[in-house]
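A.B. asks: Let me begin by handing over the structure; questions about it come next.
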Amino acid sequence: MPDTPLWQPTADQIDSSRMAEFQKLAESKAGRAFADYPDFHRWTWEHNEDFWPLLCQYAGVKVSTWGERIVADADKMPGARWFPDAKMNFAENLLRRRDTAPAIIFRGEDQVKRTLSFGDLYDAVTSVAQGLRAEGVGVGDRVAGFMPNMPEAIIAMLATTSIGAVWSSCSPDFGVKGVMDRFGQIEPKVLFTANGYYYNGKAHDSLERIEEITAQMAGLKRIVVVPYTDENPAIEALEKGALWGHFVANYAPNQIIFEQLPFNHPIYIMYSSGTTGLPKCIVHGAGGSLLKHLSEHQLHCNLAPLTKLFYFTTCGWMMWNWLVTGLASEATLVLYDGSPFYPDGNAMFDLVDEVKVEIFGTSAKFIDACNKGGIHPMKTHDLSSMQSILSTGSPLLPESFDYVYEKVKSDIPLSSMSGGTDLLGSFAGGNPVRPVWRGEITSLLVGMATDVFDDEGKSLRGDKGELVCHRSFPSMPIEFWNDPGDKKYRAAYFEMFDNVWRHGDYCEITEHDGMIIYGRSDAVLNPGGVRIGTAEIYRQVEIMPEIMEGLVIGQQWEGDVRVVLFVRLGSGITLDDDLAARIRKQVRDNATPRHVPARIIPVADIPRTISGKIVELAVRDVVHGREVKNKDALANPEALELFRDCPELQS
């Protein structure tokens with residue numbers, strides 16, 4: 001490991017950060033000064049009944065009543081209930097501002113440019129909320145969005161949650177079965193959609209799939225279509241269809257009646273990837289989601305009013321939900337829908353300069369692709385507005401850290417984040433008062449009793465184990481949909497350790513109190529009884545210029561497990577003996593001999609979920625002749641056939 005950080009905040013940057021401002025409030029509450037961030041972090045979870053109310057005060061959380069209790073059954077996981085007597089509304093907290101400042105800046109590739117003020121946003125939500133009430137939508141009903149990442153998706157979500165209904169969304173690149181596997185379980189009353197979407201310079205129609213989807217939806221009362229790729233789309237074939245303008249035409253903007261509901265009344269239904277069966281429907285609550293996002297936005301991302309916050313995401317990824325809550329901090333949201341590489345690899349950096357993005361969020365795969373594509377923004381762009389870069393979706397390679405600081409921007413924090421749909425946030429991420437070390441997630445997040453356990457449930461430092469959280473936190477799911485007795489919920493997180501959330505990541509807390517993720521626990525390799533995280537191999541293989549990406553599995557072989565590496569090669573590259581030898585040497589020299597793949601096999605494509613994550617378990621099942629239960633969860637299910645009956649794996 002290098003002995004100097006890649007980025008170090010100055011004393012002035014630390015003192016002016018929201019984290020430092022909040023820490024001073026916490027010191028007053030605790031009656032003592034904290035020695036450093038780890039000391040402060042420990043206080044936030046050891047004294048979580050002081051921390052979360054203090055955050056509510058600091059962030060100005062709007063409630064109609066708090067009640068007496070902060071948490072009921074605090075020692076139960078699951079079962080703890082935060083602020084059980086409070087009443088509030090999620091949308092009210094996101095619509096606190098109503099002036100002419102920009103709330104949303106939208107770009108639909110090079111086709112659409114729009115800006116909405118906070119006043120525009122509020123007025124649009126009032127009309128849609130009235131329309132929903134007129135359709136009979138009420139507290140607890142479900143409303144779904146099959147939407148591009150456009151302002152109407154946010155407007156529809158806020159209208160839904162303002163009246164106490166529950167929002168669920170996925171992106172328009174989902175196939176019919178993928179949509180039905182999700183929305184078919186929750187039976188929405190209203191579906192919001194667009195007539196199509198733009199991707200890679202082309203308009204793609206959605207109406208044909210919408211007809212097929214809605215014909216199968218029980219209980220659906222209305223389909224609201226946003227004209228996007230066509231100003232006047234033909235929707236006559238949709239029996240319950242109405243164009244957005246017609247849906248709101250009779251409802252003039254007025255004061256929104258925000259339903260005051262229990263603190264953790266359901267607002268979102270999210271979905272697991274669904275590659276091992278029907279996606280699990282994960283229900284998240286209003287107050288817990290709001291507090292988690294406020295803590296991450298304001299303290300860990302230094303988000304302030306009118307800061308321009310961008311995250312490249314679709315409506316099918318939890319980062320959309322995370323991004324939208326930026327409105328509760330009065331941030332300006334920058335939305336982009338389409339390919340991040342259209343018309344070329346500079347598109348996202350062009351966007352930063354055009355609208356002056358300050359917090360830039362993307363995926364680790366995007367950063368890696370820019371690196372391999374030779375994109376050099378330091379030479380081609382100004383980027384003076386950019387204050388930080390956020391990355392998530394998969395572990396960020398050490399070489400990607402190098403790329404950002406050498407070729408993107410050198411004087412800002414690079415914040416890798418790790419968490420997920422399960423908690424609608426992160427366990428570890430950035431921190432404006434902490435240095436950035438190569439290959440490490442900077443910091444454990446406030447309020448979270450995050451740790452690494454061995455198989456016996458003992459805490460580890462400087463060694464690999466299971467990512468856990470051993471105290472309750474407000475954004476734990478309320479429940480899984482249609483899960484009597486919470487059986488699926490408990491099986492997902494609480495089977496390995498009693499009363500401790502086991503997240504399913506294989507990781508390590510470093511000497512800098514940061515974190516390194518080595519892959520999913522269920523994909524960990526075990527050759528000769530030694531646990532190996534797949535990310536440890538990806539880190540070595542994917543820095544090689546000949547390799548675009550890899551996928552690693554463990555193959556059962558002769559009573560043991562052998563490591564198999566599949567590689568997608570660059571254009572014109574072939575896997576000859578020399579390249580195979582260099583791959584093995586790279587892994588052996590920088591990991592261990594046990595990490596060296598026994599077989600290296602070139603493939604034309606690597607299967608991934610619609611949200612972009614590679615599916616090691618599905619490939620492992622195919623290699624071992626087992627059925628992959630839900631191929632519709634994949635963006636490219638045909639790629640699985642490339643792994644079936646590989647002759648290289650027969651000896």
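A.B. asks: Could you grab me the full set of residues in the range 142-182 that are farther than 30 Å from Gln260 by Cα and among the aliphatic types (A, V, I, L, M)?
C.D. replies: The answer is Val176, Val179, Met180.
A.B. asks: If you don't mind, another one. Taking the range 514-543 on its own, how many of its residues are over 21 Å from Gly420 (Cβ atoms) and either among the polar types (S, T, N, Q) or at pLDDT 90 or above (or both)?
C.D. replies: Of the residues in that region, 4 qualify.
A.B. asks: Which members of the range 99-113 meet the condition of being closer than 16 Å to Tyr342 by Cβ, surrounded by fewer than 17 Cβ atoms within 10 Å (Cβ to Cβ) and of a type outside the set (Asp, Glu)?
C.D. replies: Gln111, Val112, Lys113
A.B. asks: Give the number of residues within the range 149-198 that are more than 18 Å from Gly108 (Cα to Cα), among the charged types (D, E, K, R) and modelled with pLDDT under 95.
C.D. replies: Going through the range 149-198 one residue at a time, the tally reaches 3.
A.B. asks: Need a quick list: strands (runs of 3 or more DSSP E) entirely within the range 298-374 having at least 3 residues that are within 21 Å of Gly201 (Cβ to Cβ) and either within 19 Å of the chain's Cα centre (by Cα) or among the small types (Gly, Ala, Ser) (or both).
C.D. replies: 332-337
A.B. asks: Then there is this: Pairs please, first residue from the range 618-629 and outside the structural domain of Arg644 (by TED's automatic domain parsing) and closer than 18 Å to Glu648 by Cα, second anywhere and part of a loop (DSSP other than H, G, I, E, B) and small (Gly, Ala, Ser), Cβ atoms under 8 Å, 6+ apart in sequence or on different chains.
C.D. replies: Close Cβ pairs (under 8 Å, with a partner that is part of a loop (DSSP other than H, G, I, E, B) and small (Gly, Ala, Ser)) do not exist here.
A.B. asks: Considering every residue within the range 115-127, establish whether at least one is over 23 Å from the mean Cα position of the chain (by Cα), outside any helix (DSSP H, G or I), more than 19 Å from Phe247 (Cβ to Cβ) and without any contact (Cβ under 8 Å) to a residue 12 or more places away in the chain.
C.D. replies: no
A.B. asks: What about Tyr251, is it of a type in the set (Ser, Thr, Tyr) and in a loop (DSSP other than H, G, I, E, B)?
C.D. replies: Answer is yes for this residue.
A.B. asks: Looking at the structure I just gave you, is Asp73 free of Cβ contacts under 8 Å to residues at least 24 places away in the same chain and in contact with a Ser or Thr (Cβ under 9 Å, 6 or more places away or on another chain)?
C.D. replies: The answer is yes for Asp73.
A.B. asks: I need a count of the residues in the range 607-630 that are modelled with pLDDT of 90 or more and in contact with a Gly (Cβ under 9 Å, 6 or more places away or on another chain).
C.D. replies: Summing the residues that are modelled with pLDDT of 90 or more and in contact with a Gly (Cβ under 9 Å, 6 or more places away or on another chain) in the range 607-630 gives 2.
A.B. asks: For the range 350-395, give me the residue count where each residue is touching a Pro at 6+ places or on another chain (Cβ under 7 Å) and within 17 Å of Tyr336 (Cα to Cα).
C.D. replies: Residues that pass the stated criteria total 1.
A.B. asks: May I ask you to say which residue of Val452, Val436 is more than 29 Å from Leu617 (Cβ to Cβ) and in contact with a Leu (Cβ under 8 Å, 6 or more places away or on another chain)?
C.D. replies: After ruling out the rest, the residue left standing is Val436.
A.B. asks: Hey, can you tell me all the residues within the range 343-372 that are at pLDDT 95 or above and among the hydroxyl-bearing types (Ser, Thr, Tyr)?
C.D. replies: Thr362 - this is the single residue of the range 343-372 that is at pLDDT 95 or above and among the hydroxyl-bearing types (Ser, Thr, Tyr).
A.B. asks: Select, from Ala633, Ala604, Ala591, the only residue that is aliphatic (A, V, I, L, M) and at pLDDT 90 or above.
C.D. replies: None of the others qualify; the one that does is Ala604.
A.B. asks: Here's something else I'd like to know. Name the residue that is farthest from Trp82 (Cα to Cα), counting only residues in the range 285-297 that are of a type outside the set (A, V, I, L, M, F, W, C) and assigned to a helix (DSSP H, G or I).
C.D. replies: By that ranking, first place goes to His297.
A.B. asks: Here is a follow-up. Out of the helices (runs of 4 or more DSSP H) lying entirely within the range 1-102, which hold 3 or more residues that are under 17 Å from Thr442 (Cβ atoms)?
C.D. replies: Where helices (runs of 4 or more DSSP H) fall fully within the range 1-102 and carry at least 3 residues being under 17 Å from Thr442 (Cβ atoms), they are 18-30, 37-46.
A.B. asks: Sort out which residues of the range 417-473 are among the polar types (S, T, N, Q) and within 19 Å of Leu294 (Cα to Cα), and write them in order of number.
C.D. replies: Matches in the range 417-473: Ser418, Thr421, Ser426, Asn431, Thr442, Ser443, Thr450, Ser472.
A.B. asks: Select from the range 380-401 the residues that are more than 24 Å from Asp505 (Cα to Cα) and either in contact (Cβ under 8 Å) with a residue 12 or more places away in the chain or aliphatic (A, V, I, L, M) (or both) and list them in ascending order.
C.D. replies: Across the range 380-401, the qualifying residues are Thr380, His381, Asp382, Leu383, Ser385, Met386, Gln387, Ser388.
A.B. asks: Here's something else I'd like to know. Can you tell me how many residues within the range 144-165 are assigned to a loop (DSSP other than H, G, I, E, B) and under 12 Å from Val190 (Cα atoms)?
C.D. replies: Residues that pass the stated criteria total 1.
A.B. asks: Scan the range 425-432 and give yes if some residue there is touching a Leu at 6+ places or on another chain (Cβ under 6 Å) and at pLDDT below 95, otherwise no.
C.D. replies: Checking the range 425-432: not a single residue is touching a Leu at 6+ places or on another chain (Cβ under 6 Å) and at pLDDT below 95.
A.B. asks: Got a number for residues in the range 602-651 being among the polar types (S, T, N, Q) and either closer than 20 Å to Ser394 by Cβ or part of a helix (DSSP H, G or I) (or both)?
C.D. replies: Looking only at that region, the number is 3.
A.B. asks: Across the range 562-597, what is the number of residues that are closer than 16 Å to Leu397 by Cβ and part of a helix (DSSP H, G or I)?
C.D. replies: 5
A.B. asks: Right, something else. Tell me, please, whether a residue that is farther than 30 Å from Ala449 by Cβ, surrounded by 19 or more Cβ atoms within 10 Å (Cβ to Cβ), touching a strand residue (DSSP E or B) at 6+ places or on another chain (Cβ under 8 Å) and not assigned by TED's automatic domain parsing to the domain that holds Thr534 can be found in the range 409-427.
C.D. replies: yes
A.B. asks: Name the single residue, out of those in the range 188-215 being in contact (Cβ under 8 Å) with a residue 40 or more places away in the chain and of a type in the set (S, T, N, Q), that is surrounded by the most Cβ atoms within 10 Å (Cβ to Cβ).
C.D. replies: Here the residue is Thr193.
A.B. asks: Now for a different question. What's the total number of residues in the range 128-140 that are surrounded by fewer than 22 Cβ atoms within 10 Å (Cβ to Cβ) and in contact with a Phe, Trp or Tyr (Cβ under 7 Å, 6 or more places away or on another chain)?
C.D. replies: 1
A.B. asks: For the condition among the aromatic types (Phe, Trp, Tyr), part of a helix (DSSP H, G or I) and within 27 Å of Gly326 (Cα to Cα), what is the one hit in Phe183, Phe192?
C.D. replies: The match here is Phe183.
The values are calculated or read from the model by the stated rules, or taken from the named source; none is laboratory data. Given the structure is predicted, the values throughout are model-derived calculations rather than measurements. Reconstructed Cβ throughout: ideal geometry from the backbone, glycine too, with neighbour counts over all protein chains shown.
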